[in-house]
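Contents: one structure, followed by commentary.
No value in this document is a laboratory result; all are computed from the given coordinates. Predicted model only: the values in this text are computed from it and were never measured. We place every Cβ from the backbone using ideal geometry, glycine too, and count neighbours over all the protein chains shown.
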Amino acid sequence: MKKIVVLMSTYNGELYLREQIDSILSQKDIELYLKVRDDGSTDSTVEILNEYAQKGKLTFSMGENCGVGNSFMKLLYETEGQFDLYAFSDQDDIWLPNKLICAAKKLQEQKGPVLYASNQRLVDGNGKYLGLRYMTPPSCDYHQILCANQLSGCTMVFNRELFLLLKDKKRRPTQELLRNRIHDVWVAMVASISGSIFWDEESYILYRQHEKNVVGARKKGMKDRIAELNCKIREPGQRQGRSRLAREISNKFPEFIHNRCEDLFIYGYYNEKIGYKMKLLEDKSIRQFSHEAWWALYLKVMLHLF
C-alpha cells in the first residue's frame, strides 16, 4: 500500500475546510498522511485544524502570512522523504474517494521525476456541478507552463524523485518568484524540464468556484488582460514573472536546460541584449502558448514586463 502525504495550506478557510478534510481522510486503498500549514488565518480555521489534530487525523503548523505559493513550498521543505508520493490540496474542494489511488496507479508506470495532474469537475459554492474544466487536454510543454500554466496544484501528485529535486536547498525558488508565480507553476516547470508530466483527462476532484478563490477557472477576457498589464506597470513585484521563472529555472537546473530547452536562457535574460528581445518576439512557441495579441506581447517585452 502506497504511503502518500497530502500537503495543504490554509488561510481563512473555515467555510469549506471540514468538507475538504473529510474527503481527504476518506481516500481508499492508500496509507494516508495529512500535513497542514496555516498561513496566518484570523477566522476559526486553526480551531478546526486543532480538532482534527487532537483526534490524530492530521498534523499542522502555524506561520506568518507569506502567500499561497510560499506557504505550500515551506510545507514541502518541512516534509521528510520517506513517503512514496506527495500531493497538494486546496482548502475548499471535495476529493472523490479514489483520487489518490488512481494517481498512484498512473505514477507507478512512470520512471524518473514525474508529476501527475488531472482534469477538474467544476462546482459552485454549494457543490452544484458546473461542468468539466478541460474538454481537450492542456499542454504540458514547458513553453505553456511558462506562459500560462494550466496544471492545477490541487490535482498534483508527484513521486519521491521529483520531491527531492524540489526540496534541494540549492534549487529552491526565491520568495519573490513564488509571490509572482505560485507553487504549482514552479513544480510543473521543474517536472517538465527534469522528467515528465502525466495528464489524466479524468477528474477525481470537485473544484469549487466561489468569490474567495485565490486561483479559479474563469477564462481571461480583454478587460482582464488590460488590467493585468496595468498592474504590472504600476506594481514592480508583478513584473517580469515569466522571465524571472525562466531565469531561476535556468540557474538552478542548468544540467536539464543544456541541449533540451536552452531557449529558457533567452527568455530569462531577454532584457540584457537586443538580440534576445528580437528572438523572443519572433518565437512562435511563445506567441502560441501565451494566447496574447501580438501587440500585448510586444509591449510586455519592450517595457521589460515579460
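Please list, ordered by residue number, the helices (runs of 4 or more DSSP H) wholly in segment 2-113 having 2 or more residues that are in contact with a Ser or Thr (Cβ under 9 Å, 6 or more places away or on another chain) and free of Cβ contacts under 8 Å to residues at least 24 places away in the same chain. Of the helices (runs of 4 or more DSSP H) lying wholly inside segment 2-113, those with at least 2 residues that are in contact with a Ser or Thr (Cβ under 9 Å, 6 or more places away or on another chain) and free of Cβ contacts under 8 Å to residues at least 24 places away in the same chain span 45-54. For segment 148-164, give me each residue that is within 23 Å of Gln209 (Cβ to Cβ) and either touching a Cys at 6+ places or on another chain (Cβ under 9 Å) or buried (at least 18 other Cβ atoms within 10 Å of the Cβ) (or both). Asn149, Gln150, Leu151, Ser152, Gly153, Cys154, Thr155, Met156, Val157 - these are the residues of segment 148-164 that are within 23 Å of Gln209 (Cβ to Cβ) and either touching a Cys at 6+ places or on another chain (Cβ under 9 Å) or buried (at least 18 other Cβ atoms within 10 Å of the Cβ) (or both). Would you check if there is a residue in segment 64-85 being small (Gly, Ala, Ser), more than 16 Å from the chain's Cα centre (by Cα) and over 17 Å from Leu32 (Cα atoms)? No: segment 64-85 contains no residue that is small (Gly, Ala, Ser), more than 16 Å from the chain's Cα centre (by Cα) and over 17 Å from Leu32 (Cα atoms). Whenever a residue of segment 275-304 is under 16 Å from Phe265 (Cβ atoms), its partners that are among the β-branched types (Val, Ile, Thr), lying with C-beta atoms within less than 7 angstrom and at least six residues away or across chains, give the pairs Tyr276/Ile266; Lys277/Val301; Lys279/Ile266; Leu280/Ile266; Leu280/Ile286; Leu280/Val301. Restricting Phe163, Phe158 to those that are at negative phi, in contact with a strand residue (DSSP E or B) (Cβ under 8 Å, 6 or more places away or on another chain), of a type in the set (A, V, I, L, M, F, W, C) and not in a helix (DSSP H, G or I) reduces the list to Phe158.
Against the conditions (1) under 15 Å from Phe88 (Cβ atoms); (2) in contact with a strand residue (DSSP E or B) (Cβ under 9 Å, 6 or more places away or on another chain); (3) assigned to a helix (DSSP H, G or I), Val185 satisfies every one except (2).
Mind checking whether some residue in segment 28-46 is of a type in the set (A, V, I, L, M, F, W, C), more than 22 Å from Asn70 (Cβ to Cβ) and in contact with a Lys or Arg (Cβ under 6 Å, 6 or more places away or on another chain)? Among the residues of segment 28-46, at least one is of a type in the set (A, V, I, L, M, F, W, C), more than 22 Å from Asn70 (Cβ to Cβ) and in contact with a Lys or Arg (Cβ under 6 Å, 6 or more places away or on another chain), which makes the answer yes.
Among the residues of segment 121-142, those identified as touching a residue at least 60 places away in the same chain (Cβ under 8 Å), surrounded by fewer than 21 Cβ atoms within 10 Å (Cβ to Cβ) and in contact with a helix residue (DSSP H, G or I) (Cβ under 8 Å, 6 or more places away or on another chain) are Pro138, Ser139, Asp141.
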